[in-house]
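Here it is, the structure, as structure tokens.
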Amino acid sequence: MIPFHEALAISQKFALPRDTVQVDLFQALGRTLAEDIFSDISMPPFNKSAMDGYACRKSDLKNRLQIIEEIPAGSVPLKKICENQCARIMTGAMVPDGADFVIMKEDIEEVNQDSVQCTKETSKDNICYKGEDVKNGDLVLKNGDVILPAHIAILASVGCSHPRVYQIPTVAVISTGNELVEPTVIPGISKIRNSNGYQLIAQVQQLGIKPDYLGIVRDDENSLLEILSRALDKYDVTIISGGVSVGDFDFVPKILNELHVNIKIHGMDVRPGKHQLFGEEASHFIFGMPGNPVSSFVQFEVLVKPFLNALMGKTAEHASISLPLEEDYIRKKGDLMIFVPVSLTTQSTILPLEYHGSAHIHSYVNAWGIMEIPKGISILKKGENVRVRPL
Ligand code: AMP
Ligand code: MG
């Protein structure tokens, strides 16, 4: 038994991003940049009008101004603005030479067809200056940045149509247990439906990975040997639920030993997820999840998710946050670190949900996050801060 945080540090040491690949912008959302991105232009690329209005000299603001040109966005001004002149200008258009001010359309009065008069005292010039946001050659995005919609906009504006990103790992999901039947089947006496397999697939999919489901395997050494050797060979990461604890039919650790997998974690000082397993064989990885649905769910969130994210170059995504408790929290024993489902109140406080134990997956339907109570702590007072990982 090792403390959970030690186990997390062990598995994370193996989670090094591997290959990189170039993808087009339509495929880039949610991926992690594997290169620094520099701008090949200044932004804005020219002094740009921020408003529809009239470009003129600031020193002429009190005077009647003669309109000498109209400048739509995308056009180059042809004339220089001289004393008491202006150009009708549109948002996004180039400010003409000679002008150092754009009067908003709303702030002028048309004197006649060819001239306008500013009606408001204003000092805001309504010009976005060349390079004020980004200068040519500036670092705009960094290796390791997770690409979100605003990042896509930056990539597009600096002409990076095929950013280099970290490769997505291949993942297999397996369920084991003689009692399991698929959701389409009405369970016979002593059988239950396989919920973990589908839960794990969904959790993997949430990370932007498309896992393969390899089905239900019986608690049978030969079947397990066959499927695990195939999965370890083919996939970067294999996730199997069930068969990792200390029952007579929990064969997974034994089979992994036969397959020469180096078992790095088997047993953690935490509930749920005490019998969690992690192993490695030639840079192929296996997570053995405890069969109880909450154990499997929680250990995926706190251990497997950071691992898969780190394989894709995402390092900051498993961070927990500190929030105050809505009410006192008391538990009978403080012998283990525990994870508890919680909701978030409208006052941004944390409220533990009713939770009956590791088979009670229904408690997570309404969970906003997973609260972490350290070993040795059995009473926490209302208002005290606790660590929570949002789901
Ligand atoms: P195990 O880890 O195999 O000892 O299983 C622990 C508990 O989790 C048992 O009550 C199993 O019936 C249940 N369980 C195991 N696998 C699954 C699964 N795929 N879906 C739902 N429950 C499961
Ligand atoms: Mg079992």
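Name the residues whose placed amide hydrogens come within less than 5 Å of the amide hydrogen of ASN178, ignoring near sequence neighbours (fewer than 5 apart) on the same chain.
Excluding prolines and chain starts, which carry no amide H, the hits are ASP219.
Along Cα→Cβ, 7 Å out, is where each label goes; now give me the distance between the ones at THR119 and ASN63 in nm to one decimal.
Those two pseudo-labels are separated by 2.2 nm.
Need the C-alpha centroid separation for region 255-287 versus region 147-178, integer Å.
27 Å
To make sure I understand the rule: partners must be lysines, Cα under 27 Å from the Cα of LYS120, and not fewer than 8 residues away in the same chain. Which ones qualify?
Output for LYS120: LYS48, LYS58, LYS62, LYS79, LYS80, LYS105, LYS130.
Here is a follow-up. Calculate how large, on average over all directions, the projected area of the Cα convex hull of region 321-390 is; give the answer in nm² to one decimal. Show your work: numbers first, answer last.
Numbers: hull surface 17.4 nm².
If you wrap the Cα atoms of region 321-390 in a convex hull and average its projections, you get 4.3 nm².
Can you give me the C-alpha center-to-center distance between region 70-99 and region 352-377, rounded to a whole angstrom?
Taking the Cα centre of each part, region 70-99 and region 352-377 sit 63 Å apart.
Cysteines without a disulfide-compatible partner in the chain, using Cβ under 4.7 Å as the rule?
CYS82, CYS118, CYS128, CYS160
In percent, what relative contact order does region 34-113 have, based on Cα pairs under 8 Å that are 6 or more apart in sequence?
Numbers: 153 pairs, mean separation 30.2, N = 80.
Once normalised by length, the contact order is 38 percent.
Another question, if that's okay. What lysines could a cross-link reach from LYS13, if we take a straight Cα to Cα line under 23 Å and drop same-chain neighbours fewer than 8 places away?
Cross-link targets: LYS142, LYS234, LYS264, LYS274, LYS305, LYS314.
While we're looking at this one, here's another question. Just to be sure I understand: of the beta bridges DSSP finds with both ends in region 196-332, what percent are antiparallel, rounded to 5? Write down the numbers at each step before the final one.
Details: 9 of 14 bridges.
That works out to approximately 65 percent antiparallel.
Taking a 1.4 Å probe, which of PHE285, PHE38, PHE297 shows the most accessible area, and what order do the others take after it? Don't skip to the end; give the middle numbers.
Working: PHE285 5, PHE38 115, PHE297 30 Å².
Listed by decreasing accessible area, they come as PHE38, PHE297, PHE285.
How long are the semi-axes of the ellipsoid equivalent to region 48-128, from square roots of 5 times the Cα gyration tensor eigenvalues, in whole Å, largest first?
On the way: eigenvalues 55, 35, 26 Å².
Whole-Å semi-axes of the equivalent ellipsoid: 17, 13, 11.
Given a 1.4 Å probe and heavy atoms of the protein chains only, how would you sort ARG230, ARG218, ARG88, largest accessible area at the top? Mind showing how you got there, number by number?
On the way: ARG230 120, ARG218 140, ARG88 70 Å².
Largest to smallest exposure gives the sequence ARG218, ARG230, ARG88.
Ordering THR176, THR91, THR315 from largest to smallest accessible area (1.4 angstrom probe), what's the sequence? Write down the numbers at each step before the final one.
Details: THR176 10, THR91 70, THR315 105 Å².
My answer, sorted largest first, is THR315, THR91, THR176.
Output ³J(HN,Hα) for region 257-268: one whole-Hz value per residue in order, computed from phi by the Karplus curve 6.51 cos²θ - 1.76 cosθ + 1.60 with θ = phi - 60°, and x for Gly and Pro.
Result, ordered by residue: 4, 5, 8, 6, 6, 7, 7, 8, 9, 8, x, 9 Hz.
Over all pairs of distinct alpha carbons, what does the Kirkwood formula give as the hydrodynamic radius of the chain, in Å? List each step's numbers first, then the result.
Numbers: mean 1/r = 0.0394 Å⁻¹.
This gives a value of 25.4 Å.
To the nearest 10 degrees, how steeply does helix 4-14 sit against the main Cα axis of the chain, on a 0 to 90 scale?
70 degrees
Which net charge results for the neighbourhood of TYR364, defined as the other residues with beta-carbon distances under 14 angstrom from its beta-carbon, given Lys and Arg at +1 and Asp and Glu at -1? Please list the in-between numbers first.
Details: positive: ARG389; negative: GLU301, GLU354.
Within the 14 Å Cβ shell, the charges total -1.
As a test question: what accessible area, to the nearest 10 Å², does LYS254 have when a 1.4 Å probe is rolled over all protein chains in place?
100 Å²
Using only the alpha-carbon atoms, how far is helix 221-234 inclined from the longest principal axis of the chain? Give it as 0 to 90 degrees, nearest 10.
Orientation of helix 221-234: about 20 degrees from the principal axis.
Roll a 1.4 angstrom probe over the protein heavy atoms and tell me the percent of accessible area of the chain that is carbon or sulfur.
Details: 10080 of 19480 Å².
Answer for the chain is 52 percent, counting heavy atoms of protein chains only.
While we're on this one: For a quick check of understanding: with a 1.4 angstrom probe and all protein chains in place, what accessible area in square angstrom does LYS80 have, to the nearest ten?
Spelled out: LYS80, probe radius 1.4 Å, area about 130 Å².
Another question about this same structure. Give me the accessible area of ASP250, 1.4 Å probe, in Å² rounded to the nearest 10.
Estimated to the nearest 10 Å², ASP250 gives 40 Å².
What is the antiparallel percent of DSSP beta bridges lying wholly in the chain, to the nearest 5? Write down the numbers at each step before the final one.
Values: 52 of 77 bridges.
That works out to approximately 70 percent antiparallel.
Something else about it: Under the Karplus relation 6.51 cos²θ - 1.76 cosθ + 1.60, θ = phi - 60°, what is the ordered set of whole-Hz ³J(HN,Hα) values for region 189-203, x standing for Gly and Pro?
With coefficients 6.51, -1.76 and 1.60, one gets 4, 6, 9, 9, 7, 6, 9, 4, x, 6, 4, 5, 4, 5, 5 Hz.
What are the ³J(HN,Hα) values, in whole Hz, obtained from phi via the Karplus relation 6.51 cos²θ - 1.76 cosθ + 1.60 with θ = phi - 60°, for each residue of region 178-187 in sequence order, with x given for Gly and Pro?
Karplus-based 3J(HN,Hα) across region 178-187 equals 5, 7, 8, 10, 6, x, 6, 9, 7, x Hz.
The values are calculated or read from the model by the stated rules, or taken from the named source; none is laboratory data. In this text, all values refer to a predicted model and were calculated from it rather than measured experimentally. Cβ sites come from the backbone with ideal geometry, for glycine too, and all protein chains shown count toward neighbours. Ligands, DNA and RNA are stripped out before the accessible areas are found, and what is left, the full protein with its side chains, is counted by its heavy atoms. Shrake-Rupley method; radii C 1.70, N 1.55, O 1.52, S 1.80 Å.
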